[in-house]
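Taking it in order: structure first as structure tokens, then the write-up.
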Amino acid sequence: MSDVQGFGGPVVLVTGGNRGIGREVCRQLAGLGHVVLLTARSLADAEAAAAEIGQGVVPAQLDVTSEHDRLRIVRQVEERFGRLDVLVNNAAIAYDTWQYAVDADLDVVREAAETNLYGPWRLTQVLLPLLRASPHGRVVNVSSGAASLADMGAGTPAYATTKVALNALTRMLAAELRADGILVNSVCPGWVETDMGGPGGRPVADGAAGVVWAATLPGGGPTGGFFRDGVRVEW
């Protein structure tokens, strides 16, 4: 890991931080004085994004589906910082607009679950000792309006079902970690114009702002909720 000079703020790890919402979350948190670990499956991609953002951002390689990568990032964070204040589970795949549940390729669903559900679940588990070492631990699971049962319709079965499951994980972790003072919330950034979201959506900065809001909640803030722009949305 690179050294971060002149930054003693909260330590944040963002998965999938090399593009889209993840990169903008890193940019905004660094601007607030956080030490941001910008992770990506490719170290070169992480380094390029970190260099583009500038001071306060540390690039690191992390494929959330890889046990080797998960254990390595734990060692790196522990050795460099001794704690983790915020984990932003942003990495996601398989916005499968071409599929319907009635004839979905379940191998696609299974692959999506490895990144969208099991990846953040396993990563949160291994980072919990470092989150517990923080006086204000926060976990933010980047979800989607596609995961709202209240509004759910047809299509995107791999993406939608795995994000629903991520929301369920949010509820369970929030209840189980409440006594530790760790706040756990899901955030829907809204339809954002990114590589995954496609053209026509809201600016990336607007979608990322809701994630940053959840990452910087004060003590006594909400936990176990589903939010867009800091406002609760229906599960």
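The values are calculated or read from the model by the stated rules, or taken from the named source; none is laboratory data. In this text the structure is predicted, and so the values were computed from the model without any measurement. Because the Cβ atoms are built from the backbone with ideal geometry, glycine has one as well, and the counts that use them run over all protein chains shown.
Looking across segment 115-166 at every residue that is surrounded by fewer than 16 Cβ atoms within 10 Å (Cβ to Cβ) and charged (D, E, K, R), the one that is nearest to Arg83 (Cα to Cα) is identified as Arg132.
Does Val77 fit the bill of being touching a residue at least 12 places away in the same chain (Cβ under 8 Å) and within 12 Å of Val14 (Cα to Cα)? Spelling it out, it is not the case that Val77 is touching a residue at least 12 places away in the same chain (Cβ under 8 Å) and within 12 Å of Val14 (Cα to Cα).
Among the residues of segment 168-191, just one is surrounded by fewer than 20 Cβ atoms within 10 Å (Cβ to Cβ), in contact with a helix residue (DSSP H, G or I) (Cβ under 7 Å, 6 or more places away or on another chain) and under 19 Å from Gly230 (Cα atoms), namely Gly190.
Here Pro135 meets each of (1) of a type outside the set (Asp, Glu); (2) in contact (Cβ under 8 Å) with a residue 12 or more places away in the chain; (3) part of a helix (DSSP H, G or I) with one exception, condition (3). Residue-level analysis places Ala214 outside the set of residues that are touching a residue at least 60 places away in the same chain (Cβ under 8 Å), loosely packed, with under 14 Cβ neighbours inside 10 Å and farther than 19 Å from Arg19 by Cβ. Leu84 fulfils the conditions (1) in contact (Cβ under 8 Å) with a residue 60 or more places away in the chain; (2) under 16 Å from Gly16 (Cβ atoms) except for a single criterion, (2).
One residue stands out among those in segment 116-169 that are in contact with an Asp or Glu (Cβ under 8 Å, 6 or more places away or on another chain) and among the hydroxyl-bearing types (Ser, Thr, Tyr): the one that is nearest to Ser66 (Cα to Cα), which is Tyr159. Taking first residues from segment 34-58 that are on the phi > 0 side of the Ramachandran plot and partners that are of a type in the set (Lys, Arg) and crowded, with 21+ Cβ neighbours inside 10 Å, the Cβ contacts under 9 Å between residues at least 6 apart in sequence or on separate chains come to Gly54/Arg27. Gly224 meets the stated requirement of being in a loop (DSSP other than H, G, I, E, B), at pLDDT 95 or above and of a type outside the set (Phe, Trp, Tyr). When segment 114-158 is filtered for residues that are among the small types (Gly, Ala, Ser) and farther than 21 Å from Ala179 by Cα, the ones remaining, listed by number, are Gly119, Ser143, Ser144, Gly145, Ala146, Ala147, Ser148, Ala150, Gly153, Ala154, Gly155, Ala158. Of all the criteria given as (1) under 30 Å from Arg83 (Cα atoms); (2) touching a residue at least 12 places away in the same chain (Cβ under 8 Å); (3) assigned to a helix (DSSP H, G or I), the one not satisfied by Val109 is (1). Against the condition in contact (Cβ under 8 Å) with a residue 12 or more places away in the chain and among the acidic types (Asp, Glu), how does Glu67 come out, does it pass? Criteria met by Glu67.
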